[in-house]
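Student: Before anything else, here's the structure in question.
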Amino acid sequence: MAHCSSCSSSSSSSSQSRGFCPFSLFLFIGSAIASVRYLKRREQSSSRKLDDDDDDDDDDDDDDVEEDRPSPFRVVFVLGGPGAGKGTQCQLLSENLGWAHLSAGDLLRAERAKADSKLADVINSNISAGRIVPSEITVELLRNAMEEMYSGENRQTKFLIDGFPRSEGNVIAWNEVVGNRANVETVLFFECPEDVLTSRLLERSKTSGRVDDTIDVIRKRFDTYKEESMPIIEMYEKDGRVKKIIADRSMEEVYKEIEAILGE
Ligand SMILES: Nc1ncnc2c1ncn2[C@@H]1O[C@H](COP(=O)(O)OP(=O)(O)O)[C@@H](O)[C@H]1O
Ligand SMILES: O=c1ccn([C@@H]2O[C@H](COP(=O)(O)OP(=O)(O)O)[C@@H](O)[C@H]2O)c(=O)[nH]1
């Protein structure tokens with residue numbers, strides 16, 4: 001057993017001769033407890049690693065967004081008709097308030113543009129027809145984007161999800177894939193008359209280069225919106241999460257109202 005210097009200096013000969021020092025005993029017990037704790041921690045961490053490896057074999061989905069994150073992501077869904085100004089406002093909000101802007105439509109268009117994408121055809125055929133792309137594709141893109149932003153330097157945890165969910169299938173897929181890893185705090189609903197939407201979209205078509213900003217596809221998008229997306233907004237309205245934004249106003253007025261809501 002080690003001897004402490006205080007005991008040795010004050011009565012070295014007597015403590016050595018008796019072979020016992022109370023302070024050294026205390027130190028010994030303390031370090032023994034620390035060693036046992038250390039070994040226990042090592043054991044726990046290696047068995048957790050094994051569990052993780054097992055999970056990886058069973059299901060690749062478990063190694064992602066929730067890892068070592070203390071609380072769920074904060075999410076705001078931004079919904080409303082095509083051309084209501086969702087993208088415009090999300091852009092401003094992300095620049096000024098630090099929320100990340102994830103546009104489901106932009107993610108789909110980016111995936112479609114990849115040279116080696118196997119999903120390009122299915123995405124393109126649906127967008128060109130004003131229909132909703134299969135939910136599992138959109139949710140996977142959103143989930144990957146959230147993970148990536150969380151893993152990045154900024155450790156992003158606040159997301160404005162623009163243009164999603166647009167259908168019951170979207171909601172089901174979101175619940176399955178993201179579920180309680182994200183807390184959908186608020187649903188911003190941009191309300192705007194159809195004639196205003198049409199003229200905005202036609203104006204946008206002059207520079208957007210989007211295949212769906214033509215009058216025929218715009219009409220189909222309105223139908224899809226009314227048939228599939230409105231019921232989702234109504235569902236969120238019932239559970240009290242919807243904040244209605246009158247979107248037929250200047251960009252500044254709309255921005256001020258949303259800024260106040262998100263700043264609450
Ligand atoms: N409050 C507004 N007043 C007038 N034009 C707007 C307003 N908000 C957006 N716009 C314009 O309308 C078009 C559609 O806006 P965008 O943000 O792309 O809509 P969404 O993302 O809802 O489809 C864009 O050309 C944009 O510049
Ligand atoms: O969650 C989404 C978001 C977009 N889209 C497709 O992408 C198009 C454009 O959507 P975006 O949100 O970019 O534009 P918006 O219709 O709001 O102007 C839609 O019409 C759909 O075909 C989709 O299928 N699921």
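Read-outs throughout are calculated quantities, based only on the coordinates presented, and are distinct from any laboratory measurement. All values reported here derive from a predicted model rather than from experimental measurement. No Cβ is skipped: glycine too gets one built from the backbone with ideal geometry, and neighbour counts run over all protein chains shown.
Student: Give me the net charge for the shell around ASP195: Cβ to Cβ below 14 angstrom, other residues only, Lys and Arg +1, Asp and Glu -1. Kindly include the intermediate steps, with their values, before the conclusion.
Tutor: On the way: positive: ARG200, ARG219; negative: GLU191, GLU194, GLU203, ASP248.
With Lys, Arg at +1 and Asp, Glu at -1, the net is -2.
Student: For the pairs LYS158/LYS226; LYS206/LYS244; LYS114/LYS238; LYS86/LYS118; LYS118/LYS244, flag any whose C-alpha to C-alpha distance is greater than 32 Å. Write down the numbers at each step before the final one.
Tutor: Values: LYS158/LYS226 29 Å; LYS206/LYS244 29 Å; LYS114/LYS238 39 Å; LYS86/LYS118 29 Å; LYS118/LYS244 38 Å.
As for pairs spanning more than 32 Å Cα to Cα, those are LYS114/LYS238; LYS118/LYS244.
Student: Going by how many other beta carbons lie within 10 Å of each one, how would you line up THR224, THR214, fewest first? List each step's numbers first, then the result.
Tutor: Values: THR224 18, THR214 15.
Listed from fewest to most nearby Cβ atoms, that is THR214, THR224.
Student: Would you mind computing, in nm to one decimal, how far apart the modelled labels at SER125 and LYS206 are, each placed 7 Å from Cα along Cα→Cβ?
Tutor: So the two model labels end up 3.5 nm from each other.
Student: Using 7 Å Cα-to-Cβ label points, what is the LYS220/GLU140 separation (nm, one decimal)?
Tutor: Using points 7 Å along Cα→Cβ, the separation is 2.3 nm.
Student: Could you please report the charge total around ILE127, scoring K, R as +1 and D, E as -1 over all other residues with beta-carbon less than 14 angstrom from its beta-carbon?
Tutor: +1
Student: While we're here: Could you pull out every residue, at least 5 positions away or on a different chain, whose amide H is within less than 5 Å of the one on GLY80? Hs are placed 1.01 Å off N in the peptide plane, and Pro or chain starts have none.
Tutor: It is PHE190, by chain and number.
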